[in-house]
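Enquirer: Below is one structure. I have some questions about it.
The values are calculated or read from the model by the stated rules, or taken from the named source; none is laboratory data. As the structure is a prediction and not an experimental result, all values here were calculated from the model. No Cβ is skipped: glycine too gets one built from the backbone with ideal geometry, and neighbour counts run over all protein chains shown. Just the protein is used for accessible areas: all its heavy atoms, side chains included, with ligands, DNA and RNA removed. Shrake-Rupley method; radii C 1.70, N 1.55, O 1.52, S 1.80 Å.
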Amino acid sequence: MEGTADRDPAAAVAAIVLAAGYSSRMGAFKPLLPFGERTLIGHVATNLRAAGLRRIHVVSGFQAEALAPELARLGVARVHNPDYDKGMFSSVQQGVASLPPEVEAFLLAPVDMPLIRPATIARVLRAAASRESTIVYPVFRGERGHPPLIRRALFAEILAADGEGGLRALLARHDGAASEVAVFDWGCLTDMDRRGDYRLVSAALSGHRAPDPDECEAMFDAAGTPEATRRHGRAVAILATRFATRLQAAGASIDPNLARAAALVHDIAKGSRRHADAGAAMLRDFGFPELVPPVAQHMSLAFGGRLDESAIVYLADKLVQGESRVSLIARFTPALERFAGDPSAIAGVRRRLASAEAIAAALEARIGPLDVDDKTETSAPAGEGEWPAAIAV
C-alpha cells in the first residue's frame with residue numbers, strides 16, 4: 001500500500017472474516033446468533049463497511065449451508081474451508097487464497113469479536129496508508145488486538161505454512177517489520193467463546209456508542225492529559241451522570257453514558273490554545289463524533305432550552321472547581337472580580353453564568369433540587385458513580 005496515502009486505502013484492502021469454527025464452547029452457532037438488530041456476522045460486516053471496506057471475504061466451514069443465505073443477503077464473498085476441522089489457520093489460508101491480485105493487504109476479523117468499532121478499523125487503515133510496515137496492529141492500552149492488517153509480502157508464506165503455532169507464530173517471526181497504532185476500543189481485545197461472554201458483550205452493545213472510562217483513559221494517555229485535569233474530568237463526569245440519569249428517568253431523551261464520557265474528557269486538550277475546539281477535533285480524530293458538540297461547547301454555550309448532553313456537561317463543569325463541588329456564584333465570582341475593569345470580558349463571564357443559571361433552572365424544573373450549594377467533595381457515594389471496568393471475557 002505504499003504510495004496510497006492520497007487515495008482511499010480501503011480500495012486495496014480486503015477483510016477476511018473467520019466464521020468456520022464449531023462454536024463448541026458457545027453451544028450455538030456463533031455467526032447466526034442475534035446481536036442487536038442483526039446477526040453476529042451481519043453486525044461484523046456492517047462495521048467493516050462503515051469503516052470503508054468494500055471487499056469482505058467470509059470463510060465458512062461448520063454449518064456452511066446454514067450460513068450461506070445470510071452471507072448472500074449481506075452481499076459478502078463466501079469462501080468455503082473444507083478443512084475447517086484442522087483449525088483456524090486453515091481458514092486463514094483459505095481466506096488468503098481467495099484474494100485477487102489487486103488486493104495488497106487484508107484485515108483479519110474473527111466473527112466472535114463484534115464490538116470492534118468502525119473507527120478502530122479506520123485508524124488501522126489510515127496508519128497502514130502512511131507506513132511501510134508489513135503488519136499493523138491496533139493496540140489498546142498496551143495490548144495488541146484485532147484486526148491486524150497483513151500485507152501481501154506475507155501471503156505466500158501464509159499459504160505455504162504447515163500451521164504449526166498458527167498465524168500468531170508466523171507473525172511473530174516478522175515482528176521487526178510490524179508497527180502499532182493506538183486505538184480507544186476495548187472491543188478489539190474482546191471475543192465471545194461461551195454463553196456468558198455472549199450475554200456480557202450483547203449487554204454492552206447498547207452503550208457502545210460512547211467510550212467507557214478505560215477508553216477515555218486511553219485517549220487521555222494519547223493526548224498527554226495531566227493527572228490533575230483527569231481528576232477534574234472524573235469529578236465532573238460523576239455529577240453529569242447523576243443529572244443525566246435523573247433526567248432520563250423523568251422521561252427526557254438523553255444518554256447518560258454519552259454525558260458521562262463527554263464530561264470525563266471535556267478538558268482533554270487543556271493547555272492548548274482554544275482547548276475546547278482542540279479537544280473536539282481530537283475526539284473526532286479518535287473516532288467519537290458524538291462527543292464533539294458537548295466538548296466543543298463546554299466553555300461557552302448559548303442555551304436554547306434543550307436539556308441535552310451538551311447542556312448537562314456545561315452545567316456540571318461549572319459546578320465543579322478542581323475536584324470540589326461549588327455553587328455557580330462561587331465558581332463565577334473570581335472571574336467577575338478579576339475582569340471588573342474589562343467590560344468586554346465581564347460581558348462574556350456574565351453570558352456564561354446566565355447560561356449555567358438557565359440550564360440549572362430548567363433542569364431543576366424537570367428533576368427537582370440540584371443541591372447546587374453543596375461544597376462537599378464530588379466523589380461517588382457507595383454504589384453510585386463507580387466506573388464499570390471494561391468487560392474481560
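Enquirer: Limited to segment 224-258, what total is found for residues that are assigned to a helix (DSSP H, G or I), touching a Leu at 6+ places or on another chain (Cβ under 7 Å) and of a type outside the set (Lys, Arg)?
Expert: Looking only at segment 224-258, we keep the residues that are assigned to a helix (DSSP H, G or I), and these are 227-249, 256-258.
This time we only want the ones that are touching a Leu at 6+ places or on another chain (Cβ under 7 Å), so: 233-234, 237, 239, 243, 247.
Filter once more, so that each one left must be of a type outside the set (Lys, Arg): 233, 237, 239, 243, 247.
So the count comes out to 5.
Enquirer: Exactly one of these conditions fails for Pro369: (1) under 29 Å from Ala252 (Cα atoms); (2) open to solvent by 40 Å² or more (accessible area, probe 1.4 Å); (3) part of a helix (DSSP H, G or I). Give me its number.
Expert: Here Pro369 clears every test but (3).
Enquirer: Of all residues in segment 172-203, how many are open to solvent by less than 30 Å² (accessible area, probe 1.4 Å), touching a Phe, Trp or Tyr at 6+ places or on another chain (Cβ under 9 Å) and in a helix (DSSP H, G or I)?
Expert: 4
Enquirer: Right, next: For the subset of segment 159-190 comprising residues that are at pLDDT 95 or above and of a type in the set (D, E, K, R), which member is farthest from Gly95 (Cα to Cα)?
Expert: Filtering segment 159-190 for residues that are at pLDDT 95 or above and of a type in the set (D, E, K, R), the one farthest from Gly95 (Cα to Cα) comes out as Asp185.
Enquirer: Further question: Condition first: at pLDDT below 95, over 17 Å from Ile121 (Cβ atoms) and open to solvent by 20 Å² or more (accessible area, probe 1.4 Å). Can you find one or more residues in segment 36-50 that meet it?
Expert: For segment 36-50, residues at pLDDT below 95, over 17 Å from Ile121 (Cβ atoms) and open to solvent by 20 Å² or more (accessible area, probe 1.4 Å): present.
Enquirer: Residues being open to solvent by less than 70 Å² (accessible area, probe 1.4 Å), at pLDDT 70 or above and hydroxyl-bearing (Ser, Thr, Tyr): count how many of those fall in segment 1-28.
Expert: Result for segment 1-28: 1.
Enquirer: Are any of the residues in segment 135-142 open to solvent by 70 Å² or more (accessible area, probe 1.4 Å) and either among the polar types (S, T, N, Q) or under 27 Å from His43 (Cα atoms) (or both)?
Expert: Looking for residues that are open to solvent by 70 Å² or more (accessible area, probe 1.4 Å) and either among the polar types (S, T, N, Q) or under 27 Å from His43 (Cα atoms) (or both), one finds at least one in segment 135-142, hence yes.
Enquirer: Condition (residue is more than 27 Å from Val124 (Cα to Cα) and either open to solvent by 30 Å² or more (accessible area, probe 1.4 Å) or at pLDDT 95 or above (or both)) applied to segment 55-62: is it met by at least one residue?
Expert: Checked segment 55-62: at least one residue is more than 27 Å from Val124 (Cα to Cα) and either open to solvent by 30 Å² or more (accessible area, probe 1.4 Å) or at pLDDT 95 or above (or both).
Enquirer: Taking segment 310-330 only, how many residues are touching a strand residue (DSSP E or B) at 6+ places or on another chain (Cβ under 6 Å) and of a type in the set (Lys, Arg)?
Expert: Summing the residues that are touching a strand residue (DSSP E or B) at 6+ places or on another chain (Cβ under 6 Å) and of a type in the set (Lys, Arg) in segment 310-330 gives 0.
Enquirer: Here is a check on your reading of the model: is Ala235 within 30 Å of Leu315 (Cβ to Cβ), surrounded by 15 or more Cβ atoms within 10 Å (Cβ to Cβ) and hydrophobic (A, V, I, L, M, F, W, C)? So that I can check it myself, show each step before the final result.
Expert: Details: within 30 Å of Leu315 (Cβ to Cβ): yes; surrounded by 15 or more Cβ atoms within 10 Å (Cβ to Cβ): yes; hydrophobic (A, V, I, L, M, F, W, C): yes.
Against the criterion (within 30 Å of Leu315 (Cβ to Cβ), surrounded by 15 or more Cβ atoms within 10 Å (Cβ to Cβ) and hydrophobic (A, V, I, L, M, F, W, C)), Ala235 qualifies.
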